[in-house]
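Rule-based calculations on the coordinates, nothing more; no lab input. Nothing here was measured: the structure is a model prediction, and the numbers come from that model. When we count neighbours, we look across all protein chains shown, and the Cβ atoms used for this are built from the backbone with ideal geometry, even at glycine.
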Amino acid sequence: MANLTVQEAGERLTLDWTQPYRHATFYKAVFRPAVVRAIRAATGLKDEAAAPPPGLTWHALRHTYASLMIAAGRPPLEVARFMGHAKVTTTLGVYAHLYEDGHVDAMAALGAMEAEPRCGPNVVSLWG
């Protein structure tokens with residue numbers, strides 16, 4: 001499916017969240033089209049002008065997720081487990097700066113943005 005165009009992949013893909021997806025398949029058929037639709041809706045741009053910015057990658061969302069977990073006060077070991085890191089030292093090596101004093105205010109403000117997350121029926125809470 002990774003060899004198909006974005007439109008062809010989107011037409012052929014039936015999402016079954018109980019099965020893993022290859023990164024290329026998910027990126028082309030789900031992530032990229034969703035980003036393009038969001039850009040078009042927000043800006044009114046059409047076609048190629050609405051392409052995702054180079055820095056907006058699937059991997060960047062992992063960093064956002066980890067940062068939000070840290071902002072919510074989750075301990076490093078828990079962040080490591082949810083990120084799939086074999087060792088907490090990996091997590092601390094990448095995200096230690098977010099636990100430092102210089103980032104406490106910024107992370108607290110980020111954490112306070114949404115005290116109670118709003119989840120739809122298709123979202124499963126990871127804790128509580």
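Each residue in the range 53-70 was checked for being free of Cβ contacts under 8 Å to residues at least 24 places away in the same chain, more than 9 Å from the chain's Cα centre (by Cα) and assigned to a helix (DSSP H, G or I), and 1 pass.
Scanning the range 48-82 for residues that are surrounded by 13 or more Cβ atoms within 10 Å (Cβ to Cβ) and closer than 18 Å to T25 by Cα gives A51, P52, L56, T57, W58, R62.
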